[in-house]
Every structure is written in structure tokens, then in C-alpha cells.
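Please read the structure below before turning to the comments.
The values are calculated or read from the model by the stated rules, or taken from the named source; none is laboratory data. Note that the coordinates shown come from a computational prediction; the quantities given were computed from them, not determined experimentally. Note that we place each Cβ from the backbone using ideal geometry, even for glycine, and neighbour counts take in every protein chain shown. Ligands, DNA and RNA are excluded from the accessible area calculation, which covers all protein heavy atoms including side chains. Shrake-Rupley method; radii C 1.70, N 1.55, O 1.52, S 1.80 Å.
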Amino acid sequence: MKNVIEANSSQTRPAGAWARFWAFTIDGIIVVVPSILLYYFTIVPAMLNNKIAEANNLQIIYGIFVFLISLVYEVYLTVNNGATWGKAVCGLKVVKYKTTHYINYKTAFIRYLFKTAYGFIPIIGPITSYIMLFINVFIIIFTKEKRTIHDRVAGTQVTKSANSLPMRKKSIIIFSIIILTLIMLYLTISIQYS
């Protein structure tokens with residue numbers, strides 16, 4: 001059956017803080033690096049040429065675009081693969097709570113909104129995001145189920161996958177992604193200011 005992990009005891013173990021941290025980091029790099037490149041090649045030139053109105057309009061479009069790309073990336077991959085690319089590298093799966101079934105689009109969308117919506121609250125959004133991040137980290141570290149707020153609201157759980165890559169391969173992939181990111185950012189900044 002599609003979208004079902006074969007049940008065994010190792011499939012339903014909750015994912016710990018470090019695995020989720022690295023998965024979050026990889027996913028962040030995958031979404032943020034292209035976003036930064038887009039920002040530098042669209043908005044920064046408008047700002048440098050004193051086209052403030054154009055830059056402001058581009059920032060609104062940019063914000064909506066990045067939100068939608070992030071939404072599609074997380075929801076589509078979680079529904080169809082059980083994990084984003086970051087979670088897959090770290091051997092994690094998002095499943096319905098107390099089952100081994102992958103989640104559907106509605107559940108993935110609710111999970112995503114409760115994961116990110118705090119940042120869109122006017123004025124206090126960034127502060128609220130950090131507070132929720134701290135609470136979620138606390139929950140992952142100190143509770144047995146390791147279900148964050150967005151997992152609880154959506155009825156999901158992040159579990160360890162039995163088909164995980166060996167730690168050495170995970171480390172190489174993570175290190176490579178970080179190095180490539182740094183190189184891309186350096187080249188972007190060098191091109192922009194040359």
C-alpha cells in the first residue's frame with residue numbers, strides 16, 4: 001500500500017532533538033539559499049539604484065513567493081515521501097500519530113501553518129516565532145512522545161525510519177550542504193559588490 005511504512009518497533013520511535021535539528025537545518029538551507037540568491041539579484045539592485053517603491057513592491061512579492069515555495073516544499077514532500085529532503089537525510093518520517101501511515105495534504109497543510117504562522121503576526125511575529133521554537137525544543141527534549149505543538153495540533157509525529165542512512169553518509173551530506181551553501185553565499189556577495 002502506498003504511503004504506509006511497514007510497521008515494526010523501530011519505525012514508531014519518536015525522533016530526537018538532534019536529528020530534528022539537522023533535518024531543520026538542511027531544509028532551511030534548501031529553501032533559504034535560493035531565496036537569498038533571488039533577493040540579491042532582484043531586490044538589492046533595485047535598492048542600490050534608489051528605486052525604493054520598486055524594491056518595496058518586490059519585497060512583498062518576494063515574501064509571498066518564499067512562503068509559497070516553502071509551503072509546497074514541505075507539504076508536497078511530506079505527503080508523497082513521508083519526509084522533506086532534510087528529514088529523509090536524517091532518517092526521519094512524519095506519520096499520523098500512533099500509526100505508521102503517511103499524512104494527507106490537509107494534515108500537512110495544518111501542520112505547516114501551525115509551524116510557521118507565528119512569524120506572520122504583525123510586530124511581535126519574530127519574537128513569537130522564537131518563543132514557539134524554544135517551547136517546541138523543550139517539548140522534544142523533555143517529553144516521551146517528542147511531539148511539538150504543530151505535531152499535536154495536526155495529529156502527527158516525527159519518527160525514526162528503519163531505512164536511515166548510516167551516520168557517516170549523513171555527516172558527509174550535511175557537511176557538503178553546509179560547504180556548498182557557504183560557497184554560494186560567498187560568490188553571491190562577491191558578485192553583488194564587485
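See the values below:
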quantity	calculated
Helix axis angle, 125-142 relative to the chain longest principal axis, alpha carbon, degrees	30 degrees
Helix 52-81 vs. the chain, principal-axis angle (Cα, 0 to 90°, nearest 10)	20 degrees
Solvent-accessible heavy-atom area per residue, rounded to whole Å², over region 55-194 at 1.4 Å	60 Å²
Relative contact order computed over the chain (Cα-Cα under 8 Å; 6+ residues apart), in percent	32 percent
Accessible area (Å², 1.4 Å probe, nearest 10) - Leu185	50 Å²
Cross-link reach list, aspartates and glutamates versus Lys160, counting only Cα pairs under 13 Å and skipping chain neighbours closer than eight places	Glu6, Glu145
Structure-based [θ]222 nm, the chain - -39500 (n - 2.57) summed over DSSP H runs of at least 4, per residue, nearest 500	-22500 deg cm²/dmol
Column: log10 I(q)/I(0), Debye, Cα scatterers of region 59-130, q = 0.11, 0.12, 0.15, 0.27 Å⁻¹	-0.32, -0.38, -0.58, -1.19
Cα-centred dipole magnitude for region 55-194, charges only on beta-carbon of K, R (+1) and D, E (-1), debye, nearest 20	660 debye
Set of region 35-61 residues, backbone N closer than 20 Å to the point 7 Å along the Cα-Cβ line of Phe120	35-36, 57-61
Span from the region 122-141 Cα centroid across to the region 24-56 one, whole angstrom	24 Å
Global size of the chain as Cα Rg and Dmax, reported in angstrom	18.5, 60
Max mean-square fluctuation residue, GNM over the chain, Cα-Cα springs under 10 Å, options Thr159, Thr78, Thr116	Thr116
Global form of region 93-144, assessed from the alpha-carbon gyration tensor, a/c cut-off 1.5	oblate
Net charge of Cβ neighbours under 13 Å - reference Ala108; Lys, Arg +1; Asp, Glu -1	+4
Angle between the chain longest axis and helix 17-48 axis [Cα atoms, degrees, rounded to 10]	20 degrees
Spacing of the two label points (7 Å from each Cα toward its C-beta) at Leu48 and Phe24, in nm	3.4 nm
Where labels lie 7 Å past Cα in the beta-carbon direction, separation of Ile141 and Leu37 in nm	3.5 nm
Ser176 accessible area, assembled protein chains, probe 1.4 Å, Å²	50 Å²
GNM top mover of Gly28, Gly82, Gly125 - the chain, alpha-carbon springs below 10 Å	Gly125
Carbon plus sulfur fraction of accessible area for the chain, probe 1.4 Å, in percent	72 percent
